[in-house]
Amino acid sequence: MNNIKYILGSFGDPDEMMHGIQKLQDNNIKIHDVYTPMPIHGIEAKLGVKRSRLDIAAFFFGITGTITMLSFVYFAAAYDWPINIGGKPHFALPDFIPITFELTILFCAFGLVGSYYASTHLFPGRAPRVMDLRATNDRFIIAIDAKENVEHNKIDDLLKEAGALEVKYNERKYVSYE
């Protein structure tokens, strides 16, 4: 029993899983994570998941794109190669708004994709890591850290009372697809 890392409760119904989360929280048992094959409304609040900060990152990526484009346009049109066209100013801002907008969106999109991959550890080419392969198909999995919660029998009973179809003890953190 010493090398067990996670206790996994496998549910066939999202309502039973939510009931299992409530039972565990009522007994002060810390839940490591929950894996579901589909989004479940309200589960973030129930688990106490913090709000994402990707919107703040998006703002800064967009500002970076805007400043980059306006700096380049000013350098190219007013400083490096000023051309007098019909008496217009060298740096006519309204002429450059469309391309500045495009570069703002481009920086924002690429920056958010990179931020998402970095925050979720889903880099291209990396093998997916899941606790239980059925969590991607038809099962709802509650993972409990066995090292932090030493009352394994109590956890097992609570999960079964809540409607768990199966309770497993994982010795490794993740299961590989091979």
Normalised by the number of residues in the chain, what is the relative contact order in percent for Cα pairs under 8 Å and 6+ residues apart? 53
Quick one: accessible surface of E102, probe radius 1.4 Å, all protein chains present, in square angstrom to the nearest 10. 110
Lysines within cross-link reach of K46: Cα-Cα under 16 Å, excluding same-chain residues under 8 positions apart? K23, K30
When ranked by the protection proxy of mean other Cβ atoms within 10 Å per residue, highest first, what sequence do the peptides 54-60, 19-25 form? 19-25, 54-60
Order of 35-41, 86-92, 108-114 by packing, highest average Cβ count within 10 Å first? 108-114, 35-41, 86-92
Between (i) 36.2, 125; (ii) 25.7, 84; (iii) 30.1, 82, which matches Rg and Dmax of the Cα atoms in Å calculated for the structure shown? (ii)
For region 1-75 and region 81-121, compute the distance between their C-alpha centroids and round to whole Å. 31
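The values are calculated or read from the model by the stated rules, or taken from the named source; none is laboratory data. Fair warning: this is a prediction, and the values are worked out from it, not measured in the lab. All Cβ positions, even for glycine, are placed from backbone atoms using ideal geometry, and neighbour counts span all protein chains on display. In case anyone asks, the SASA skips ligands and DNA or RNA and just uses the protein heavy atoms, side chains included. Shrake-Rupley method; radii C 1.70, N 1.55, O 1.52, S 1.80 Å.
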